[in-house]
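No lab work stands behind these numbers, since they all come straight from the coordinates. Treat the numbers as computed from the prediction; the structure is a model and nothing was measured. Glycine gets a Cβ as well: all are built from the backbone with ideal geometry, and neighbour counts include every protein chain shown.
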Ligand code: AMP
Ligand code: GLY
């Protein structure tokens with residue numbers, strides 16, 4: 001089976017690493033990939049949102065399956081673009097249709113979906129650009145802190161948690177006036193939930209699903225979950241506090257209800273669904289959907305999957321996932337992100353990375369790296385590398401992941417030192 005994987009981050013390196021191990025895997029291409037994915041397959045210089053070029057590549061190279069890493073191609077309708085073209089209609093793309101991808105592409109769409117199908121979530125109201133006065137009047141009822149969300153995709157920056165009414169009012173004005181462009185022409189106001197966050201991932205064929213091992217990521221840049229939001233500074237898998245009882249409630253109240261809701265609404269969803277959850281007093285509340293896997297969660301989740309993930313993805317478009325089982329490795333995995341000093345603000349790139357000797361105890365996944373003219377590996381992004389390790393206990397996984405992260409070096413390297421410490 002020839003596979004084309006779209007994306008270029010750490011999530012895609014981890015996916016490529018897992019897919020390449022499958023006995024079913026023939027050729028594996030990654031578009032555009034990174035120096036890490038080049039060790040799992042062949043990188044091709046195509047943009048994940050250039051659908052015409054991707055379709056031509058798939059036809060010419062007899063691609064049997066397309067796996068989409070990031071959300072942008074899904075929200076832009078790659079599934080529809082392939083299925084509506086007779087030349088590519090027979091090539092399955094793992095992911096939801098454009099309409100179903102609105103679960104990630106529009107916060108108000110997602111909130112209305114949750115409400116319609118009885119999925120527990122924070123209380124909310126939505127307001128459009130012409131409704132500033134009504135929005136300002138509605139703010140105090142949410143209490144403090146209050147959460148303001150740009151409706152559309154805003155490169156991970158569209159969620160603001162305001163601790164004073166004054167701050168909330170001024171941010172609300174700015175957002176409705178276009179702070180995030182068209183993405184904040186609609187704003188969702190949401191009650192703040194206090195609890196523990198975790199991420200649950202399902203692979204669905206539209207009828208049935210398998211759950212991947214659950215994970216917890218660390219989004220803030222600073223220790224003790226302080227400072228600015230980032231794409232994620234580390235992750236652990238599975239989540240020690242996710243008891244069988246809690247997982248049962250998540251499956252019943254979130255996963256099954258979502259799949260039934262999609263069917264009722266006539267939305268076609270054959271791909272990964274990410275449930276971003278807040279656990280409040282042992283009960284799950286849905287904070288967000290993503291129509292893809294998490295980054296950096298995937299870098300911790302892939303090494304914990306014992307089953308052949310490519311075989312399961314092939315079933316999504318083939319025989320279906322009825323009675324499919326996803327087997328999990330015992331123990332835990334931990335991922336530590338090596339970031340560029342200054343991230344998530346400004347940072348330098350083009351800095352040489354050293355200490356890349358792969359240890360037997362851990363994995364290195366590339367995110368923001370590039371090869372220089374002399375084939376030296378250089379930094380090329382805010383999140384540069386992920387160091388992942390497994391252990392029978394979470395402490396062991398963390399120890400090995402940190403040991404490797406400490407050996408890898410580049411100027412102004414930055415690591416959050418407390419990944420997983422709150423849950424061991
Ligand atoms: P989202 O993009 O909706 O996942 O929001 C980004 C982050 O903001 C989440 O991962 C949470 O840490 C935080 N967040 C979002 N909504 C809420 C909420 N209602 N209560 C508390 N924290 C929230
Ligand atoms: N780690 C959060 C995300 O992938 O959205």
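Suppose each label sits 7 Å from its Cα in the direction of the beta carbon; what would the residue 251-residue 263 distance come out to in nanometres?
That separation, rounded to one decimal, is 1.6 nm.
Using Cα pairs closer than 8 Å and at least 6 residues apart in sequence, work out the relative contact order for segment 1-113, in percent. Walk me through the intermediate numbers first.
On the way: 198 pairs, mean separation 26.2, N = 113.
Result for segment 1-113 is 23 percent.
Given an 8 Å cut-off on Cα distances and at least 6 residues of separation, report the relative contact order of the chain as a percent. Present the calculation step by step, with values, prior to reporting the outcome.
Working: 989 pairs, mean separation 67.8, N = 424.
The normalised contact order for the chain reaches 16 percent.
Over the residues of the chain, compute the C-alpha Rg and express it relative to 2.2 N^0.38 Å. Write down the numbers at each step before the final one.
Numbers: Rg = 20.9 Å, N = 424, 2.2 N^0.38 = 21.9 Å.
The value comes to 0.95.
Average projected area of the Cα convex hull of segment 45-123, in nm²? Each step should come with its number before you reach the end.
Values: hull surface 24.1 nm².
The directionally averaged projection comes out at 6.0 nm².
How far apart, in nm, are two points set 7 Å out from the Cα along the Cα-to-Cβ line at residue 137 and at residue 21?
If labels sit at residue 137 and residue 21, their model points lie 5.8 nm apart.
Just to be sure I understand: of the beta bridges DSSP finds with both ends in the chain, what percent are antiparallel, rounded to 5? It would help to have the intermediate numbers written out before the result.
Working: 65 of 78 bridges.
Antiparallel bridges: around 85 percent, rounded to the nearest 5.
What span do the alpha-carbon atoms of segment 39-91 cover on each of the three principal axes, reported in whole Å from largest to smallest?
Taking max minus min along each principal axis of the Cα atoms, segment 39-91 gives 33, 24, 16 Å.
Averaging over every viewing direction, what projected area does the convex hull of the Cα atoms of segment 161-312 cover, in nm²?
Working: hull surface 43.4 nm².
Average projection, Cα convex hull of segment 161-312: 10.8 nm².
Mind grabbing the base-10 log of I(q)/I(0) for segment 293-381 at q = 0.11, 0.18, 0.22 Å⁻¹? Debye formula, identical points on the C-alpha positions, no solvent, two decimal places.
-0.49, -0.94, -1.13
Could you let me know the centre-to-centre spacing of segment 68-93 and segment 184-247, using Cα atoms, in angstrom?
Taking the Cα centre of segment 184-247 as reference, the centre of segment 68-93 is 26 Å away.
For the pair residue 44/residue 392, report the inter-label distance in nm, with labels modelled 7 Å from Cα in the Cβ direction.
4.5 nm
What ranking do 254, 247, 302 get, fewest neighbouring Cβ atoms within 10 angstrom at the top?
Details: 254 23, 247 17, 302 27.
Ascending number of Cβ neighbours within 10 Å: 247, 254, 302.
Taking the convex hull of the alpha carbon atoms in segment 84-149, what volume per residue do you get, in Å³? Before the final figure, lay out the partial values.
Numbers: hull volume 9.0 nm³, N = 66.
Spelled out: Cα convex hull of segment 84-149, divided by residues, is 136 Å³.
So which residue, out of 336, 68, 147, gets the largest mean-square fluctuation from a GNM of the chain using Cα contacts under 10 Å as springs?
Of 336, 68, 147, the most mobile in the Gaussian network model is 147.
Using 20 Å as the cut-off for backbone N distance, which residues of segment 35-49 belong to the label zone defined by a point 7 Å from the Cα of residue 84 along Cα→Cβ?
Within reach of a label on residue 84: 48-49.
Can you tell which of 208, 13, 248 shows the greatest fluctuation in a Gaussian network model of the chain with Cα springs below 10 Å?
248
If N is the number of residues in segment 92-198, what value comes out of its Cα radius of gyration divided by 2.2 N^0.38 Å?
On the way: Rg = 14.1 Å, N = 107, 2.2 N^0.38 = 13.0 Å.
Scaled against compact globular proteins, the figure is 1.09.
Give the distance, in whole Å, between the Cα centre of segment 152-171 and the Cα centre of segment 23-67.
Centre-to-centre (Cα) distance: 37 Å.
Restricting things to alpha carbons, tell me how big segment 135-188 is in terms of Rg and Dmax, in Å.
Values for segment 135-188 (Cα only, Rg and Dmax): 10.2, 29 Å.
Any idea what the alpha-carbon Rg over 2.2 N^0.38 Å comes to for segment 1-83? Can you show the working numbers first?
On the way: Rg = 11.5 Å, N = 83, 2.2 N^0.38 = 11.8 Å.
Taking the Cα Rg and dividing by 2.2 N^0.38 Å, one obtains 0.98.
Find how much the distance from residue 191 to residue 323 grows on full extension, using 0.36 nm per residue of separation minus their present alpha carbon separation; answer in nm with one decimal.
On the way: separation 132, 0.36 × 132 = 47.52 nm, distance 3.86 nm.
Stretched fully, the residue 191-residue 323 segment lengthens by 43.7 nm.
For residue 62 and residue 280 in one chain, what is 0.36 nm times their gap in residues minus the Cα-Cα distance, to one decimal in nm?
Details: separation 218, 0.36 × 218 = 78.48 nm, distance 4.81 nm.
That pair, residue 62 and residue 280, stretches by 73.7 nm at full extension.
FRET efficiency for residue 52 and residue 370, Cβ-Cβ distance as r, R0 = 25 Å, nearest 0.05? Before the final figure, lay out the partial values.
Details: r = 26 Å, r/R0 = 1.04.
Given R0 = 25 Å and the Cβ-Cβ separation, E is 0.45.
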